[in-house]
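Notes follow once the structure below has been shown.
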Number of protein chains: 2
Amino acid sequence: MLLVDSRQISPVVEPVSKSVPPLPAAIADKLKRDEHGLFAAIIQQHDTKDVLMLGWMNDEALRLTLLTRQVTFFSRSRQRLWVKGETSGHVQHLRSIALDCDGDALLVGVEQIDGACHTGDRSCFDAGKLFL
Amino acid sequence: MLLVDSRQISPVVEPVSKSVPPLPAAIADKLKRDEHGLFAAIIQQHDTKDVLMLGWMNDEALRLTLLTRQVTFFSRSRQRLWVKGETSGHVQHLRSIALDCDGDALLVGVEQIDGACHTGDRSCFDAGKLFL
């Protein structure tokens with residue numbers, strides 16, 4: 001009799017499109033998407049609580065964010081998925097996520113590497129302060 | 001000769017529609033509105049930095065917010081202006097405001113009276129935390 005330790009069996013390698021899990025139904029069922037299939041994602045530095053930017057996600061962007069733990073948006077101007085920091089290196093490591101009461105916005109806690117803004121600023125709101 | 005101290009002259013009372021200032025051009029020119037004339041407003045408690053909710057404004061809502069210093073939104077479901085707390089008393093006193101780098105989102109610092117959420121929670125994100 002041949003004894004096989006199941007831990008030594010290599011897992012079957014599936015194509016990526018099959019092996020990554022779908023967006024959990026517990027989240028997908030609660031999301032309210034706009035007419036373009038998008039919802040807002042507020043990005044907040046997890047420890048200082050500074051709000052860094054507002055981005056947009058679709059289901060696939062959120063699924064990839066949860067899977068990779070790097071924040072991924074859907075770029076409305078470029079009409080494609082966009083891993084934050086994919087060219088600049090200024091990535092956002094996922095730390096927490098919360099859906100709002102009516103399901104159309106996410107609050108995403110991150111560890112932001114360097115500046116969140118394409119201008120180099122730490123926050124996209126740094127340069128636009130209005131003095132009341 | 002009759003000497004008149006100009007400070008004693010009562011100002012002419014204009015109808016409200018004429019006497020309130022328009023949205024300053026410095027802001028109006030930078031705003032990028034969506035196809036419904038709206039932009040996002042992230043509401044943050046000014047001292048704790050807790051993010052309380054995401055709402056939507058049009059130019060008139062922002063003008064009223066700046067004028068009255070109480071946050072006013074445009075309700076997408078009711079298709080009308082909505083002074084936050086107009087029925088509950090849970091108003092948001094304006095403390096600061098900043099426009100983001102591409103002009104389609106505002107970060108609004110407030111003093112939130114009681115809960116921001118219609119459920120009674122302090123924040124609209126309190127009940128929807130996902131555990132990663």
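Please list, by residue number, everything in the stretch A:63-77 whose backbone N is under 19 Å from a paramagnetic label point 7 Å out along Cα→Cβ of A:His118.
What the label zone holds, given the 19 Å backbone N cut-off, is A:71-77.
In nm, one decimal, shortest first: how far is the label point of A:Pro22 (7 Å from Cα along Cα to beta carbon) from the matching points in the other copies?
5.1
Heads up, I need the accessible area for B:Met57: 1.4 angstrom probe, whole protein in place, Å², nearest 10.
Roll a 1.4 Å probe over it and B:Met57 shows about 0 Å².
For q = 0.24, 0.27 Å⁻¹, what log10 I(q)/I(0) does the stretch B:44-123 give under the Debye formula with an equal point scatterer on each alpha carbon and no solvent?
One equal scatterer on each Cα of the stretch B:44-123 leads to -1.29, -1.56.
Describe numerically, in nm with one decimal, the distance between label points set 7 Å from Cα along Cα→Cβ at B:His93 and at B:Lys129.
Going by the 7 Å Cα→Cβ label model, 2.9 nm.
Tally up the carbon and sulfur contribution to the accessible surface of the stretch B:24-128 as a whole percent, 1.4 Å probe, everything protein left in place. If you can, show how the numbers build up before the last one.
On the way: 2340 of 4640 Å².
Carbon and sulfur atoms account for 50 percent of the accessible area of the stretch B:24-128.
One decimal, nm, shortest first: give the distances between the label point of B:Gln79 and those of the same position in the other copies, each label point 7 Å from Cα along Cα→Cβ.
2.8
Report the closest approach of any chain B C-beta to the axis of the B-to-A rotation: residue and distance, in whole angstrom.
B:Lys49, 2
I need the phi-derived Karplus couplings for the stretch B:40-55: 6.51 cos²θ - 1.76 cosθ + 1.60, θ = phi - 60°, integer Hz, Gly and Pro marked x.
Karplus values, whole Hz, x for Gly and Pro: 7, 10, 7, 9, 10, 4, 5, 9, 7, 6, 5, 7, 9, 5, 10, x.
Could you state how much accessible area A:Phe74 has, in square angstrom rounded to the nearest 10, with a 1.4 Å probe and all protein chains kept in place?
40
With a ≥ b ≥ c taken as the square roots of the eigenvalues of the C-alpha gyration tensor of the stretch A:53-96, please select rounded if a/c is under 1.5 and otherwise prolate if a/b is larger than b/c or oblate if it is not? Before the final figure, lay out the partial values.
Working: a/c = 1.69, a/b = 1.14, b/c = 1.48.
Oblate, since a/c reaches 1.5 and b/c is not below a/b.
Take the alpha carbon atoms of the stretch A:57-91, find their center, do the same for the stretch B:83-105, and report the distance between the two centers in whole angstrom.
For the stretch A:57-91 versus the stretch B:83-105, the Cα centre distance is 27 Å.
If you put a point 7 Å past Cα along the Cβ direction, how far is that point for B:Ser96 from the same point in each other copy, in nm, smallest first?
2.0
The values are calculated or read from the model by the stated rules, or taken from the named source; none is laboratory data. From a predicted model like this one, the values you see are computed outputs, not experimental measurements. Backbone-built Cβ (ideal geometry, glycine too); neighbour counts: all protein chains shown. These accessible areas exclude ligands, DNA and RNA; they are computed on the full protein's heavy atoms, side chains included. Shrake-Rupley method; radii C 1.70, N 1.55, O 1.52, S 1.80 Å.
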